[in-house]
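Participant: Below is a structure I'd like to ask you about.
The values are calculated or read from the model by the stated rules, or taken from the named source; none is laboratory data. All of these numbers come straight from a predicted model, not from anything done at the bench. Here Cβ is always computed from backbone atoms with ideal geometry, including for glycine, and neighbour counts include all displayed protein chains.
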Amino acid sequence: GGMWLNVSNEELPAEEQLPFWAELVSRELAPLTLSSTNRAGGFPASASMLDLGSVRVAAFNSPPAHLKRAWADIRRSDPSTYQLTFVSGTPLWINQRRQDSGLVLGDMVLFDLSHPFEGAVPDRGRHIQVVIVQLPREELPLRPDNVHRLLAQPLSARTGMGAILARFLTTLDAYGPDCGPRDLSRLGAMTLDLAGACLAQHLGAYDDLPAETRQEAMLARINAFIDHNLNDPDLGPAAIAAHHHISVRSLHTLFRRQGETVAASIRRRRLKCCHADLTDPRLRRRSIGAIAARWGFLRPADFSRAFRAAYGVTPRELRQAALRALLDAQRAASSDK
């Protein structure tokens, strides 16, 4: 990358425009797949890129397209940067880490090149215009687990720091090329400061939510995580706390609101799943040990004891009673005929 780069594919034959552009985007942003729904014509696009030391600003102007970056692409190359994108022209959506931005236009959206993401511009015939500022993760004074809450969320560029940053980015694109090397590195430091302040302000808006609301939201996320991972025998307070970037102590404090300990909550849900499997006639050939193991109980004796304490019968008694009830029901049905 020189200090300043201006590229267009418009001189190329129509059928070469998209491959050229896909290659350029993969080289300048990071490896990803770029595809277009526009089969008929070419894919006339242009970009300008400005190197400001560790920060880069890139303006892209292209027809509607679909972008996808997968784990395989990340293994090929991970520049370890956030991309803060100001969207004009036509709406864009980004989906990353199970968060979805919806359609963003006239605002900003953030994505992280170290995680898979998908993005698209619905085909409205108009060109998309984005200005992307590439921010090295280690130079932002914000904790990555905080920044993750902002990924693929619309960030307002209409007020406060967001508006100031968006204006600044558009002027950089227009006037940056006139500046010498020393000015450019100064502009890089300014860009980093403004972008950091803008993200911090958006995070602040989140932190201004009442603690109550934040704790409820965190508890809901943790409960969903537990339900998804019941079959993992290592699921426990340490793993849950680490995954949600909180201390084990905070985790226990959150669970006091639910009136049961983390371990009791996991055990109760696992037993409920075992109870459902044991009474399911389709699983009657599956051994009790296999059912217990499927839900994270690796020691049969512990399982039997916990199950009996919860339901007042052993797993075997429950299964036999369920099968008897089923046979009785079938017999009653056939005698009615």
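Residue by residue, here is whether (1) assigned to a strand (DSSP E or B); (2) farther than 24 Å from L52 by Cβ holds:
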position: S114; (1), (2): no, no
position: R124; (1), (2): no, yes
position: Q129; (1), (2): yes, no
position: I132; (1), (2): yes, no
position: E138; (1), (2): no, no
position: H148; (1), (2): no, yes
position: M161; (1), (2): no, no
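Participant: Hand me the list of strands (runs of 3 or more DSSP E) wholly inside the range 1-80 holding 3 or more residues that are more than 20 Å from W93 (Cβ to Cβ) and touching a helix residue (DSSP H, G or I) at 6+ places or on another chain (Cβ under 9 Å). Steps first, answer last, please.
Facilitator: On the way: elements: 4-8, 33-35, 46-52, 55-62, 66-69.
In the range 1-80, 4-8, 46-52, 55-62 are the strands (runs of 3 or more DSSP E) which contain 3 or more residues that are more than 20 Å from W93 (Cβ to Cβ) and touching a helix residue (DSSP H, G or I) at 6+ places or on another chain (Cβ under 9 Å).
Participant: Further question on the same structure: Can you tell me which residue is nearest to A120 (Cα to Cα) among those in the range 3-20 that are out of contact with any strand residue (DSSP E or B) (no Cβ under 7 Å at 6 or more places or on another chain) and not acidic (D, E)?
Facilitator: Across the range 3-20, the extreme among qualifying residues is L18.
Participant: Going by the conditions given, is L251 touching a His at 6+ places or on another chain (Cβ under 8 Å), closer than 30 Å to L110 by Cβ and not polar (S, T, N, Q)? Can you show your working first?
Facilitator: Working: touching a His at 6+ places or on another chain (Cβ under 8 Å): yes; closer than 30 Å to L110 by Cβ: yes; not polar (S, T, N, Q): yes.
Yes, satisfied.
Participant: Within the range 88-116, track down each residue that is closer than 21 Å to L140 by Cα and buried (at least 19 other Cβ atoms within 10 Å of the Cβ). Can you show your working first?
Facilitator: First, pick out the residues of the range 88-116 that are closer than 21 Å to L140 by Cα: 96-97, 107-116.
Scanning the range 88-116 gives Q96, D107, M108, V109, L110, F111, D112, L113.
Participant: Tell me, which residue of the range 21-61 that is charged (D, E, K, R) and in contact with a strand residue (DSSP E or B) (Cβ under 7 Å, 6 or more places away or on another chain) is modelled with the lowest pLDDT?
Facilitator: Going through the range 21-61, the residues charged (D, E, K, R) turn out to be 23, 27-28, 39, 51, 56.
Restricting the remaining residues to those that are in contact with a strand residue (DSSP E or B) (Cβ under 7 Å, 6 or more places away or on another chain) gives 28, 56.
Details: E28: 88, R56: 92.
The residue in question is E28.
Participant: Considering the range 62-87 alone, what residues qualify as being surrounded by fewer than 17 Cβ atoms within 10 Å (Cβ to Cβ) and among the polar types (S, T, N, Q)?
Facilitator: Step one: filter the range 62-87 for residues surrounded by fewer than 17 Cβ atoms within 10 Å (Cβ to Cβ), giving 66, 68, 70-72, 75-80.
Hits for the range 62-87 are S77, S80.
Participant: Residues of the range 293-337 being among the aliphatic types (A, V, I, L, M), surrounded by 16 or more Cβ atoms within 10 Å (Cβ to Cβ) and not in a helix (DSSP H, G or I), which ones?
Facilitator: Of everything in the range 293-337, nothing turns out to be among the aliphatic types (A, V, I, L, M), surrounded by 16 or more Cβ atoms within 10 Å (Cβ to Cβ) and not in a helix (DSSP H, G or I).
Participant: Now, a different point. If R158 meets every condition in (1) surrounded by fewer than 15 Cβ atoms within 10 Å (Cβ to Cβ); (2) under 22 Å from H245 (Cβ atoms); (3) modelled with pLDDT of 90 or more apart from one, which number is that one?
Facilitator: Single failed check for R158: (2).
Participant: Still on this structure, please answer the following. So P13 fits all but one of (1) farther than 30 Å from H243 by Cβ; (2) touching a residue at least 60 places away in the same chain (Cβ under 8 Å); what number is the exception?
Facilitator: Among (1) farther than 30 Å from H243 by Cβ; (2) touching a residue at least 60 places away in the same chain (Cβ under 8 Å), the lone unmet condition for P13 is (2).
Participant: Output the qualifying pairs, or none if there are none: Cβ atoms under 9 angstrom, residues six or more apart or on different chains, first residue in the range 118-132 and within 17 Å of M108 (Cα to Cα) and assigned by TED's automatic domain parsing to the domain that holds M108, second residue buried (at least 17 other Cβ atoms within 10 Å of the Cβ) and among the basic types (K, R).
Facilitator: E118/R69; G119/R69; I132/R56
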